[in-house]
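What follows is a single structure, written as structure tokens, with notes after it.
The values are calculated or read from the model by the stated rules, or taken from the named source; none is laboratory data. Values in this document were obtained by computation on a predicted structure and should not be read as measured data. Ideal geometry is used to build each Cβ from the backbone, glycine not excepted, and the neighbour counts take in all protein chains shown. Side chains included, ligands, DNA and RNA excluded: accessible areas come from the protein's heavy atoms. Shrake-Rupley method; radii C 1.70, N 1.55, O 1.52, S 1.80 Å.
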Amino acid sequence: QVQLVESGGGLVQAGGSLRLSCAASGRISSIRDMGWYRQGPGKQRELVARISKNGVPNYADSVKGRFTVSRDNAKNTVILQMNSLQPEDTAVYFCYADIKRTSWGLFVDTWGQGTQVTVSS
């Protein structure tokens with residue numbers, strides 16, 4: 001069984017910073033993309049940032065210049081550093097990873113349980 005466990009959410013004032021971490025554990029053969037999505041109140045889940053296995057990032061336009069995604073392949077972790085947070089960043093943030101459990105298996109979309117980020121004005 002593979003799990004993604006997130007940490008680092010919380011309440012912050014506008015202009016503040018938070019750092020989200022996510023660690024993948026269990027039987028893992030390989031991980032392709034990792035990243036973060038979010039779902040605000042009454043909204044659909046949307047991409048925040050993804051990063052390829054070789055470290056190439058991709059950001060939503062709304063977070064470019066404010067958020068930075070990074071990963072440690074040796075530890076199967078992905079980090080989201082969020083700076084200059086705004087109330088519109090309030091959402092549940094979900095960790096994502098494209099994981100293959102065995103060398104002969106297929107890559108499967110895997111999700112964490114989500115962590116709440118609330119930005120007050």
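Here are a few things to note about the model shown:
- Some residue of the range 51-58 being touching a helix residue (DSSP H, G or I) at 6+ places or on another chain (Cβ under 9 Å) and of a type outside the set (F, W, Y): no
- Residues that are open to solvent by less than 70 Å² (accessible area, probe 1.4 Å) and of a type in the set (G, A, S) number at least 3 in the following strands (runs of 3 or more DSSP E) confined to the range 1-69: 18-26.
- Hey, G55 at pLDDT below 95, over 14 Å from N76 (Cβ atoms) and under 17 Å from the mean Cα position of the chain (by Cα) or not: no
- Qualifying residue in the range 16-34 (condition: farther than 19 Å from T110 by Cα, touching a Ser or Thr at 6+ places or on another chain (Cβ under 7 Å) and not acidic (D, E)): no
- The range 81-100 residues that are assigned to a helix (DSSP H, G or I), paired with ones that are aromatic (F, W, Y) (beta carbon under 9 Å, 6 or more apart): D89/F67
- Filter result for S84 (out of contact with any Leu (no Cβ under 7 Å at 6 or more places or on another chain), of a type in the set (S, T, N, Q) and at positive phi): yes
- Every pair of residues 6+ apart whose Cβ atoms lie under 6 Å, when the first sits in the range 41-65 and is among the basic types (K, R) while the second is at pLDDT 95 or above: R45/Y37; R45/Q39; R50/D33; R50/G35; R50/N58; K53/R32
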